[in-house]
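We did not get these values from a lab; they are worked out from the coordinates using the rules stated. Fair warning: this is a prediction, and the values are worked out from it, not measured in the lab. Here the Cβ is made from the backbone with ideal geometry for all residues, glycine too, and neighbour counts use every protein chain on show.
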Amino acid sequence: MANGNGKKKTGGRPSAWDEVIEPNLTVILGMAREGAQNKEIAKAIGIAESTLYRALDSNQEFKESLKNARDTADFKVENALYKRATGYEYEEVTREPMVGFIIGHINKSSKEGRALAEEVRQKLEDGLVVTKRVKKEVAPDPISMIFWLKNRKKDKWRDKQEHDHNVRGNMTLNIIEKFEVGGDGGRQGAESAAHE
């Protein structure tokens, strides 16, 4: 990537791009892929946040690369939210320490002994032996469902529904305004209004 005008800067004081940003591009894009914000990235590579923004404004290729890296992080989060909302299956593997000398004590002179030693060797992973594999299911998470629906189908699922209360067409509305409040608690006014 070149500086803002597409050329390498020649002569004069080295730019932040040449000294800090370009040598740390892998770090910058990796942090963006992991969800880091510009402020965190700038701090990690030792520049002011404003310097990072100037580099982004002057270098379209850098700006696009950073955006694409962030899109990757967003996709991971969206995918995880989708899995939680819909549920998923996974395999739980239990590993236990394997005493190394067991293989040495297997009689490898017979065909069965050699097969058993090979089977044990294949099961070993990092000095541990796989003792159990269990398929587990994670049920759909209602909170993830709500979050997804409120954001993806706002018109139908948000908390505040908007309803159109405007009346179209002709409508007659009669309002009784005449009430006299007297010593009877307003009954007389209500009765006379009902008889009119």
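Side notes on the structure shown:
- In order along the range 45-51, the Karplus-derived 3J(HN,Hα) couplings, from 6.51 cos²θ - 1.76 cosθ + 1.60 at θ = phi - 60°, round to 9, x, 10, 6, 4, 4, 5 Hz, and Gly and Pro are given as x.
- The loop-placed GluC sites (Glu not before Pro) in the range 26-83, going by DSSP, that have at most 16 neighbouring Cβ atoms within 10 Å of their Cβ come out as 34.
- Phi-based couplings in Hz for the range 57-69 (Karplus 6.51, -1.76, 1.60; Gly and Pro marked x): 5, 8, 9, 5, 5, 5, 4, 5, 5, 5, 4, 5, 5
- Counting Lys and Arg as +1 and Asp and Glu as -1 over every other residue whose Cβ lies under 9 Å from the Cβ of residue 135, the net charge comes to -2.
- If the segment from residue 80 to residue 147 were pulled out straight at 0.36 nm per residue, it would be longer than the present Cα-Cα gap by 22.9 nm.
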